[in-house]
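Okay, structure first, notes after.
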Amino acid sequence: MIRPLIWAMLVLMLFIGGCASNGAPKDNALSHHKMAQSYLAGKNYTAALKELLAAEKMDSKDAAIQASLGEVYFQKKAYVLSEKHYKKSLTLRPDDPMVEHNLAALYLDMQQWQDAARLFRKVSQNLVFSHPVRALTGLGVAHHYNGEHLKAILAYNEALDYSPRSSELSFLMAKTYMAMNKYELASKRLEDALQISPGFNAARMMLGESYMHLGQTALAAEMFREVANREDRTARGTRAREYLQLLEDGK
């Protein structure tokens with residue numbers, strides 16, 4: 001924005017008269033930001049927040065500092081503050097795909113499905129964003145929870161073009177097929193997921209459930225028995241044993 005002439009003169013005078021100290025706040029802000037990033041990497045979010053608040057006091061117009069504040073508030077589940085700082089970062093540095101992606105992920109946690117989908121789609125089409133599969137996966141999740149199941153399947157298929165051997169994507173597609181009562185399609189995707197990742201017990205559990213819906217009780221029991229053995233004394237293992245009991249009682 002073009003400043004009035006008198007304001008520009010004042011800025012110039014401040015620079016000439018105080019050039020020795022003018023750079024110090026930015027340098028100190030950078031130091032605090034670097035320390036905060038170390039704390040973030042170590043998942044010490046309270047210490048990171050303290051450093052970032054100190055950095056913001058010294059340089060409130062640094063887009064990276066605002067983005068980091070958005071991240072740390074997200075990790076501390078202070079979602080309104082997280083959104084505020086992500087948006088401020090994007091005001092300072094518009095169309096930053098990483099910040100837009102993180103804001104979209106925040107909207108998933110806030111259950112603002114349409115806002116999440118809009119941003120994930122935008123980011124997925126940004127050629128400088130290096131992780132399009134993440135954006136497309138997020139897009140599918142947003143559509144799934146918004147009840148737009150066909151759009152979710154389309155998004156997951158786009159993601160699979162980038163990562164065809166992703167067991168997680170096959171699992172997510174199966175979850176959407178289950179919501180659509182398309183149990184045969186769900187079973188196929190879950191079988192694919194287990195072929196890629198044999199230890200994927202969430203997929204094995206859901207496959208058992210899809211077999212139950214299809215009336216394939218012997219196959220369902222096989223899946224539940226495997227889960228119960230692999231995850232003894234866990235919530236999933238307990239649920240698998242309950243299913244096994246139901247199947248046994250129904251004989």
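Coordinate-derived values only; no laboratory data. Being a predicted model, the structure only gives us computed values, none of them experimental. In this analysis, Cβ positions are derived from the backbone assuming ideal geometry, glycine residues included, and neighbour counts consider all displayed protein chains.
Before moving on, here are some points about what is shown:
- Filtered residues of the range 117-130 (kept if touching an Asp or Glu at 6+ places or on another chain (Cβ under 9 Å) and of a type outside the set (Lys, Arg)): Ala117, Leu119, Phe120, Val123, Ser124, Asn126, Phe129
- Helices (runs of 4 or more DSSP H) within the range 17-131 that include 1 or more residues closer than 29 Å to Asn146 by Cβ: 63-75, 79-92, 97-109, 113-124
- Selected residue (only one of Ala186, Ala220, Ala155, Ala240 is within 25 Å of Leu119 (Cα to Cα) and either buried (at least 22 other Cβ atoms within 10 Å of the Cβ) or acidic (Asp, Glu) (or both)): Ala155
- Put simply, of Pro164, Pro132 the only residue that is surrounded by fewer than 17 Cβ atoms within 10 Å (Cβ to Cβ) and more than 30 Å from Thr238 (Cα to Cα) is Pro164.
- Beta carbons closer than 7 Å, at least 6 apart along the sequence or on distinct chains, pair a first residue in the range 125-146 that is closer than 12 Å to Glu158 by Cβ with a second that is part of a loop (DSSP other than H, G, I, E, B) for Val133/Ser163; Ala135/Phe129.
- When residues in the range 72-83 are screened for being surrounded by fewer than 21 Cβ atoms within 10 Å (Cβ to Cβ) and within 17 Å of Ala116 (Cβ to Cβ), 4 of them pass.
- Selected residue (criterion: farthest from the chain's Cα centre (by Cα)) from residues of the range 135-152 that are small (Gly, Ala, Ser) and buried (at least 17 other Cβ atoms within 10 Å of the Cβ): Ala152
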